[in-house]
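Asker: Have a look at this one before I ask anything.
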Ligand code: PGA
């Protein structure tokens with residue numbers, strides 16, 4: 001049975017104290033909440049990972065970095081390696097978020113290197129894919145998503161693929177308040193699962209968690225998560241509001 005996931009992507013928000021208080025409140029909620037087959041992930045800034053990882057119930061809450069370097073180690077001032085992320089107690093790295101593709105010009109090849117380093121450090125990638133508005137309007141959204149998967153993820157062997165989480169985040173829905181409809185999201189998630197099935201077989205396709213992201217909030221989470229191929233969400237803005245994030249957890 002695949003894991004259902006509510007993953008917060010805090011982006012470049014919260015000071016360490018604010019982040020600790022947010023994590024503390026989520027931790028208080030999950031204490032008395034059954035999370036069978038479900039996982040809560042907090043994608044915090046690098047600076048918060050170690051502190052928050054050691055202060056929450058690791059059986060219920062995992063930490064994720066939002067990026068890692070594409071090199072293993074060395075003279076790359078300011079970069080943070082996958083291995084360093086692992087040493088904080090985090091278990092996931094968000095890789096290929098559209099903001100990184102857009103503002104940092106991350107290429108398919110770089111993202112492939114990051115995915116490999118993440119897995120080599122025994123961490124799980126949350127690999128983000130999704131089309132821009134003009135690509136959807138030109139009916140290219142399936143092609144775009146297929147290329148993103150093919151160039152950066154589908155070189156993985158079966159075992160590593162099983163350790164990967166995919167997040168479908170249409171770029172036009174991120175931070176815009178305009179989420180994909182449940183039908184649009186389901187259609188793409190089903191397509192992604194078909195692609196995985198063609199390469200890795202039915203059991204991997206069934207087991208892999210595919211999250212939806214893009215203006216997912218307390219009000220629309222259940223209508224998205226009820227879709228058969230949507231296994232939870234990667235949540236930006238709403239993950240910074242405790243009450244909203246708790247509602248999203250409840251919708252899993
Ligand atoms: P949003 O962001 O929920 O604020 O749209 C989602 C994301 O960027 O992962």
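Each reported figure results from applying straightforward, stated rules to the coordinates on display, with no laboratory input. Please read these numbers as outputs of a predicted model, since none were measured by experiment. Cβ atoms come from the backbone with ideal geometry, glycine included; neighbour counts cover every protein chain shown.
Asker: Between segment 112-151 and segment 1-60, how far is it from one alpha carbon centroid to the other, in angstrom?
Answerer: For segment 112-151 versus segment 1-60, the Cα centre distance is 24 Å.
Asker: Length gain on complete extension for the stretch residue 147 to residue 18, per 0.36 nm per residue less the alpha carbon to alpha carbon distance? The partial results should precede the final answer.
Answerer: Working: separation 129, 0.36 × 129 = 46.44 nm, distance 3.82 nm.
Roughly 42.6 nm would be gained on extension.
Asker: Given the rule -39500 (n - 2.57) for each run of at least 4 DSSP H residues, summed and divided by the residues of the chain, what is its mean residue ellipticity at 222 nm, to the nearest 500 deg cm²/dmol?
Answerer: Numbers: 12 runs with 107 residues, N = 252.
So the calculated ellipticity at 222 nm is -12000 deg cm²/dmol.
Asker: Would you mind ranking 62, 55 so that the residue whose beta carbon has the fewest other beta carbons within 10 Å leads the list? Walk me through the intermediate numbers first.
Answerer: Working: 62 20, 55 13.
By the 10 Å Cβ count, ascending, the order reads 55, 62.
Asker: Neighbouring Cβ atoms within 10 Å as the yardstick, rank 226, 80, 129 fewest first.
Answerer: By the 10 Å Cβ count, ascending, the order reads 226, 80, 129.
Asker: Could you give the distance between the Cα centres of segment 155-206 and segment 76-96, to the whole Å?
Answerer: Computed from Cα coordinates, the inter-centre distance equals 23 Å.
Asker: Further, regarding this structure: What three numbers, in Å, describe the spread of the alpha carbons of the chain along their principal axes, ordered from the longest?
Answerer: Projected onto its principal axes, the Cα set of the chain covers 46, 44, 34 Å.
Asker: Here's a follow-up. How compact is segment 1-148 by the rule of thumb for globular proteins, expressed as Cα Rg over 2.2 N^0.38 Å? Before the final figure, lay out each step's value.
Answerer: Numbers: Rg = 16.3 Å, N = 148, 2.2 N^0.38 = 14.7 Å.
Against the compact-globule rule of thumb, the ratio is 1.11.
Asker: Can I ask one more? Evaluate Rg over Rh across segment 193-252, taking Cα atoms for both radii and Kirkwood's formula for Rh. Let's see the in-between values first.
Answerer: On the way: Rg = 13.2 Å, Rh = 12.2 Å.
That ratio equals 1.08.
Asker: Only counting other Cβ atoms within 10 Å, I'd like 157, 57 sorted with the fewest neighbours first. Write out the running numbers ahead of the final one.
Answerer: On the way: 157 9, 57 12.
Least to most surrounded, the residues fall as 157, 57.
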